[in-house]
Every structure is written in structure tokens, then in C-alpha cells.
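Derivation of every value follows stated rules applied to the coordinates shown; laboratory data play no part. No experiment lies behind these values; they were computed from the predicted model shown. Every residue, glycine among them, receives a Cβ derived from its backbone with ideal geometry; neighbour counts consider all protein chains shown.
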Amino acid sequence: MIPAQFDYQAPATIDEALTLLAANPEHAKILAGGHSLIPAMKLRLAQPAMLVDIGRIKDLSYIREEADAILIGAMTTHYQIESSTLLQKICPLLPECAAQIGDVQVRNKGTIGGSIAHADPAGDWPAAVIALSAEMIAVGKNGERAIKANDFFIALLTTALDSGELLREVRIPKPAGRFGHAYQKVRHPASGFAVVGVAVALQMGSGGVCQSSAVGITGVASKAYRAGGVEQALQDQPLNDQTIAAAAEHATNDVDANSDLYASEEYRRHLARVYTRRAIQAALTRAS
Ligand SMILES: Cc1cc2nc3c(=O)[nH]c(=O)nc-3n(C[C@H](O)[C@H](O)[C@H](O)COP(=O)(O)OP(=O)(O)OC[C@H]3O[C@@H](n4cnc5c(N)ncnc54)[C@H](O)[C@@H]3O)c2cc1C
């Protein structure tokens, strides 16, 4: 399990990193926490000729609050998010999701940016950023652009990032009003990855009526997706056991569900419905 030979660069600034990527568009890969890339290189599923290690770029690791947004630098680790008292207060879905990733070692080293850029179909962050209607801020030699979470995940391990672009920041609209969030997951017993993971963000109106909702589901298909059928079924409904259960039935509408040694397609669809129901119920309980 030895990777193919590669060159290693550790730029100190984003500009230096972009210059290295631009000079080696087909052969360079960004190294963040290395928890997905290094195993892939050891298995020779990835053979980049150059690694651009962004771990020494200080401007990429932060959690900040603005008037109407939460900004998280791409190199912020899962553990930093899990343990952020600010996030626990203003957007508890983020620490809740982070706490369910892998184990302590993975959370200490793995980054939100690496996880989102990797787009593992069983990764946890894609479901959470979809439910939070986040934007990914990508930077390249031609400047910056914002990509909506729902447009970011294109296919298995494929995102809207261009080669030569770096994911710099995750920007999340700050939850306001009467909201409730939850992330519920069936962990694979070996890795901890999501067999099914469901993130729910509810915005409640008066009288227990759902004003709007966003539901992100991971683990089921080749990429995380927004469960529009569930959201439509919840819209303007009084939320109770019956309306929630009926909405959750739409969790895998129009989705090609995966089947593997651990979970058949039918079982995954079943889990998606059950965990969507549970996540909506948990989010409703927390809506204050
Ligand atoms: C044992 C184990 C258990 C795990 N369990 C889980 C789990 O339960 N849930 C879960 O979600 N994940 C899990 N993971 C994955 C973990 O969360 C990784 O941290 C994550 O997938 C990748 O993040 P990283 O920082 O390590 O990125 P890396 O491995 O360094 O990079 C991953 C990919 O993203 C690219 N990349 C990295 N950063 C950027 C950037 N800023 N801009 C553009 N491209 C970038 C790299 O070039 C590479 O292609 C597990 C990993 C291991 C080893």
C-alpha cells in the first residue's frame, strides 16, 4: 500500500496555492486533512504527480459570524466545528453533524472543505450543507464565485469545482425566527460513514405550521440530494405524526438508490424514509 511517487508543495498563501494548481492543472491535487486522498493514493485510485498541501495557509481555518451569515474556512476541522460554542448556539446542526463523523482521529484531522470537495456519496457534510442552503465559495486564478450547495454535488466524487479552483469557504445563511434542525444517521459499523444520513432544517410559522423546510439526504444515491418531495409535502402543513410520516414517504422520490453488501436498494429506501421521519420529528421538537 505505497502511493505512486509525487512531488510535494506546501504554499503559505492562497495565491501561491492557486499558482501551483494553475501551473499543473492535470497533475496537481490539493491535500487538506488527507483522510480521503491519502487512502485513495495508497490504493492507487488517485495518482497525482503533485500534492499542494494547504494545511499551512492560516487564512483557511476559521468560524465567523456575520449579521446574516456564518462563514467557515475550508480547512476548519470536523472537531473545531463539533466543539464550537458559537455554532452550538447559532446553528446547532453543524456541530451535531460534525460529531457523527468517523472517530476522534478522523474528526481531528479531516476538514469540512476536504469532505465537501471530495463529495463521497456517504459523506455527512453534503447532506448538512444542502439542508442549510449553504454556498460554497470557490476561488481560482480568475477570481471567486459562489456555488449553491444544491448545485455543487454533480455525481459520485464529482463537484462543480473546476480544476485549478480551491474551495475557500462555506457560507451559511444564519438561521433566524422559529427554526429547528436535526441530523439523523445510520452509521456503517466499520467506517462510520452514512449508510443513510438525513439533515433537516425547518422554519416554523404560527400555529405549528411548517413555513418552509429543507431536507438533505446522503448515503442513498451516488450523490447527496435535496428531497424536494418531502419539502413540498411539509409546506404549509400543521406538523404532527401523520403529516410528518406522510411527507417522509417521499424521501427517495426520483432517486436511483445504491445497493451494496451492507444495504440493499430496498433497505436503503426504507432507512431513508424512517430517518427522514425521525429527523423531522427531532427538528420539530427543537423548533423554538
Ligand atoms: C476511518 C475513516 C472514517 C471516516 N468516517 C467518515 C464519516 O463517518 N463521515 C464522513 O463524512 N467522512 C468520514 N471520513 C472522511 C473524512 O471526513 C475526511 O476528512 C474527508 O472525507 C476528507 O477531508 P480531508 O480534509 O481529509 O480531505 P483530503 O483527503 O485531504 O482531500 C479530499 C479531496 O478533496 C480535495 N480537496 C481538499 N480540500 C480542498 C479544497 N479546500 N478545495 C478543493 N479541493 C479540496 C482533495 O484534492 C481531494 O481530492 C472518514 C475517513 C476515514 C479515514
Net charge of Cβ neighbours under 13 Å - reference ILE244; Lys, Arg +1; Asp, Glu -1: 0
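Tell me, in nm to one decimal, what length is gained between ALA99 and ASP53 on full extension, where the rule is 0.36 nm per residue of separation less the Cα-Cα distance?
14.1 nm
Using Cα-Cα distances under 8 Å and only pairs 6 or more residues apart, what relative contact order does region 6-96 have, in percent?
It comes to 27 percent, rounded to a whole number.
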Potential lengthening between LEU86 and THR13 on full extension [0.36 nm per residue; Cα-Cα distance subtracted]: 23.6 nm
Counting all C-alpha pairs of region 1-122, share separated by more than 18 Å (%): 56
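Take each of the peptides 187-194, 128-135, average the number of other beta-carbon atoms within 10 Å over its residues, and list them starting from the highest.
Per-residue mean Cβ counts within 10 Å order the peptides as 128-135, 187-194.
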Degrees separating the helix 14-23 axis from the principal Cα axis of the chain, which is the longest one: 70
On Cα atoms only, tilt of 265-286 relative to the major axis of the chain in degrees: 70
Charge context of GLY102, other residues only, Cβ under 14 angstrom, K/R +1, D/E -1: 0
Two-site label geometry, PHE6 and ARG178: point separation in nm, points 7 Å out along Cα→Cβ: 5.1
Extension reserve of the TYR262-VAL209 stretch, reckoned as 0.36 nm per residue once the Cα distance is removed: 15.3 nm
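For the chain, what does the helix formula give at 222 nm: sum of -39500 (n - 2.57) over DSSP H segments with n ≥ 4, over the residue count, nearest 500 deg cm²/dmol?
Calculated mean residue ellipticity at 222 nm is -8500 deg cm²/dmol.
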Per-q log10 I(q)/I(0), region 138-288, q = 0.16, 0.18, 0.21 Å⁻¹ (Debye; single scatterer per alpha-carbon; no solvent): -0.91, -1.07, -1.25
Alpha carbon convex hull of the chain, volume per residue in cubic angstrom: 123
For peptides 143-150, 95-102, sequence by mean Cβ density within 10 Å, most packed first: 95-102, 143-150
